[in-house]
Number of protein chains: 2
Amino acid sequence: MKPAVRIAITGAAGNIGYAAAFRISAGGMLGTDQPIILQLVEIEPALQALKGVEMELLDCAFPLLENVITTSDIETGFKDTDYALLVGSKPRTKGMERSDLLGDNGKIFGPQGRAINNHASRNVKVLVIGNPANTNALIAMNNAPDLSPSQFSSMMRLDHNRALNQLSLKTGSKIADITRLTVWGNHSLTQYPDISHCRIDGQDATSVVDISWYKETFIPNVQNRGAEIISARGASSAASAASAAIDHMRNWIFGTPEDDWTSMGIPSAGDYGITEGLMYSFPVRCKNGSYEVVHDLHMDDFSTEKTKITEKELLEERDAVKALL
Amino acid sequence: MKPAVRIAITGAAGNIGYAAAFRISAGGMLGTDQPIILQLVEIEPALQALKGVEMELLDCAFPLLENVITTSDIETGFKDTDYALLVGSKPRTKGMERSDLLGDNGKIFGPQGRAINNHASRNVKVLVIGNPANTNALIAMNNAPDLSPSQFSSMMRLDHNRALNQLSLKTGSKIADITRLTVWGNHSLTQYPDISHCRIDGQDATSVVDISWYKETFIPNVQNRGAEIISARGASSAASAASAAIDHMRNWIFGTPEDDWTSMGIPSAGDYGITEGLMYSFPVRCKNGSYEVVHDLHMDDFSTEKTKITEKELLEERDAVKALL
């Protein structure tokens, strides 16, 4: 049996953390031959509920789950961790001022970045799920100077998967037959789900679906899917967000399929004209635990404009938190 | 790719159904090479929430999930289904009269048994999870005269897994090194978690743990674990119950490991002196999609007494619903 690896999850008593913890413990993220230790982090008032999550995890008698640590102390939570899923956050709510967003999330992701910097495994891979995910990841990354920026990412996979689903429903094609989709930019309403280079059953997606459906229905549907889920469920996406986090980590660790890529929020190196250092979603291929941006995709005027709109929003978010960077 | 199999889940918008649906769709029950069609059943008032569950399932872009059907019509829900997980029920609550228990669950499991009888695959495997699980399974089974009683089972695996966890915590042994545990009887406070034949790290469990701990701490802890979870979480076991359901089905379909067995609620054939036809949990070995009771285990006076206590409760439950059988 391999030695156990450590997986930290913050906000672990919340609905996304709860859904993720059980799938991960069953081997859904790292495979059924990889023992794990879960390091579950919550704020003080949620520790009682977190104890309940721990009890249920143990009650599953998962053969792979060697230990569960529950704590409100982030240094303990991130100690030696190989993977960190940062779920807990204060998302921006209606009427909230930018300065509040700054203050609330700075208090969470600045210290978490420093704790990861000082206590996690030197090879830690960090995925930020809690919203505003891109800018929270930017804060964490900038507070971890001893680690490589390439160890920090933010989640766009839920948007990517939602876009795959919309294309599958529209065309009747299987998910596995839809490749080379990209969701660019921010995990927000400005995101740009791009089918310019997408293949459906071996054909160009742009020749399979109507371009007005693409622009007027598909793009807004993907952008607004989160609100649609809330309206149907009376609760925000939980198990689908957890599933996307697992997909993101699996691809990052084990690679993307040949002839395909995925969408990940990563620190921009200036590709496609996007401001360097911004946590922005690009098309990436993964191999041997690393990602690489897919280069040289042709960007038409529509795509360029869309990628700029979402960049502008991320620049504004970055400016709002610049004291924390 | 194999042809898709159909999995019906009732009460699919509830917390157990929600936790089960995503793990099953990721391949957690039937493996990552088996496409599936989910047939999600809910009562009318929960159909809106169920729509949200369907949307989230589709948003996961699971390559194995070929289709999701949502319905409040049980004939549609069980049509051609290969597996049925019956989660939705009216459990007995404090102060509830037996006649209410009878009426409420009869209204659910009588018709469901008939719908399964008339519409499901002829090889359907049914697992009842909704409480009182054993007697609900008894009702369903007795309303499906065209199917073999051996196609109906009730879930004891959560109790079994909880018992494994208690032994692991006590002895420091790994879950995988604890075998031949049995939980007998009813999924209720009278259940009998039995370590008489259990092996821990190759030794007799009864020589590893103190017999007074076994009788005074272990047995009541396992029996009362459900209430302990509710008190910690403020909600009843959900993901651990879903996980146990998946374990139960996996073992039933793919077999139990060599030199081990599991606990399943099954129609008694009179083994160990338990009244024939009662839905009672026995130690079983599974192979090629069938189970077989483990015979010839020595039962000491303590074990015999405990198995009789839980049988007595099940006889009373059966008498209370006899009009439905």
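Quick notes
- Test: B:LEU47 is of a type outside the set (D, E, K, R), open to solvent by 40 Å² or more (accessible area, probe 1.4 Å) and more than 21 Å from B:ASN123 (Cβ to Cβ): yes
- Search result, residues across region B:225-245 that are more than 8 Å from every other protein chain (Cβ to nearest Cβ) and closer than 29 Å to B:ARG285 by Cβ: B:GLY226, B:ALA241, B:ALA245
- Among the candidates B:GLU311, B:GLU317, residue that is at pLDDT below 95, open to solvent by less than 60 Å² (accessible area, probe 1.4 Å), away from chain A (no Cβ under 14 Å) and in a helix (DSSP H, G or I): B:GLU317
- Given (1) open to solvent by less than 30 Å² (accessible area, probe 1.4 Å); (2) more than 16 Å from the chain's Cα centre (by Cα), index of the condition B:ASN161 fails: (2)
- Evaluating B:LYS125 against the criteria (1) without any contact (Cβ under 8 Å) to a residue 60 or more places away in the chain; (2) open to solvent by 20 Å² or more (accessible area, probe 1.4 Å) leaves one unmet condition, (1).
- Looking across region B:90-106, the residues that are of a type outside the set (Asp, Glu) and surrounded by 13 or more Cβ atoms within 10 Å (Cβ to Cβ) come down to B:LYS90, B:PRO91, B:ARG92, B:ARG98, B:LEU101, B:LEU102, B:GLY103, B:ASN105, B:GLY106.
- Test: residue in region A:271-283 that is free of Cβ contacts under 8 Å to residues at least 12 places away in the same chain, within 14 Å of chain B (Cβ to nearest Cβ) and surrounded by fewer than 14 Cβ atoms within 10 Å (Cβ to Cβ): no
- Test for A:ALA144: is it open to solvent by less than 10 Å² (accessible area, probe 1.4 Å) and assigned to a loop (DSSP other than H, G, I, E, B): yes
- Which listed residue is over 18 Å from A:GLN39 (Cβ atoms), within 14 Å of another protein chain (Cβ to nearest Cβ) and touching a strand residue (DSSP E or B) at 6+ places or on another chain (Cβ under 7 Å), from A:ARG162, A:ARG157: A:ARG157
- Residue in region B:286-296 that is open to solvent by 40 Å² or more (accessible area, probe 1.4 Å) and closer than 30 Å to B:LEU102 by Cβ present: yes
- Scanning region A:1-30 for residues that are surrounded by fewer than 18 Cβ atoms within 10 Å (Cβ to Cβ) and free of Cβ contacts under 8 Å to residues at least 60 places away in the same chain gives A:MET1, A:LYS2, A:PRO3.
- Single residue of region B:269-308 satisfying the filter (among the polar types (S, T, N, Q) and assigned to a helix (DSSP H, G or I)) that is nearest to B:ASN186 (Cα to Cα): B:THR307
The values are calculated or read from the model by the stated rules, or taken from the named source; none is laboratory data. It should be emphasised that the depicted structure is a prediction, and the values quoted were computed from it without experimental measurement. Cβ sites come from the backbone with ideal geometry, for glycine too, and all protein chains shown count toward neighbours. Areas reflect the complete protein model, heavy atoms only, side chains present, ligands, DNA and RNA absent. Shrake-Rupley method; radii C 1.70, N 1.55, O 1.52, S 1.80 Å.
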